[in-house]
Amino acid sequence: MRVNLSGTFHALRAAVPHMLAGGRGAVVCNASGSAARPTYGELAYSAAKAGVVALVKGAAQEYGPTIRVNCVSPGVIRTPLSEPMFALDGALDPVWEATPLGRAGTAAEVADAIVFLACDASRFVTGHDLVVDGGLGVGQAGITTTLRSFVAMLRGGPA
């Protein structure tokens, strides 16, 4: 909570006066797909990231039109920190089956989303949580694979 929510709050609070004095600014915070879909074993993390999303939406209201405030919520991204999950043979296969783009994201893809929200190309975007997860969050966990198999069976194809 201190790092993920309080740290974000204090950084925002320190930056805002300078941006207001400068007459413009764009803030991009880091949230997580776990904010909207809490992940097993990450209760405090998920709650903190949901707090970041709420903080961003509130700050966008309070500091607009001078400052735009958004966040990026990555899904499964391959980084040195997540590498142990990738080392477990087949462990992430259900995730890829539930992800329309069928793979993990990269740090560069998350960085691209951050750059977009920070630059003038997104000048009419504020209070937004940009989810960068390859579509993982669009399906319903646990049921999507079952329904795919069922529909394939009804159509006479392989499950």
Check: Sequence-distant or interchain residues sharing an amide H contact under 5 Å with Ser73, placed H: which?
Finding: Ala31, Leu130, Val131, Val132
Check: In the range 21-41, which residues have a backbone nitrogen under 15 Å from the label point lying 7 Å from Phe86's Cα in the Cα-to-Cβ direction?
Finding: none
Margin query: Taking 2.2 N^0.38 Å as the expected size of a compact globular protein, what ratio does the Cα radius of gyration of the range 5-57 give against it, to two decimals?
Written below: 1.31
Notebook entry, point to check: the range 69-156: percent of C-alpha pairs farther apart than 19 Å?
Noted result: 52
Margin query: Here are labelled values, (1) 31; (2) 42; (3) 46, and one is the computed percent of Cα pairs over 24 Å apart for what I pasted. Which one?
Written below: (2)
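Each value in this text was obtained by applying a stated rule to the coordinates, not by laboratory testing. These numbers were taken from a predicted model, which means no experiment stands behind them. Cβ: placed from backbone, ideal geometry, glycine included. Neighbour counts: every protein chain shown.
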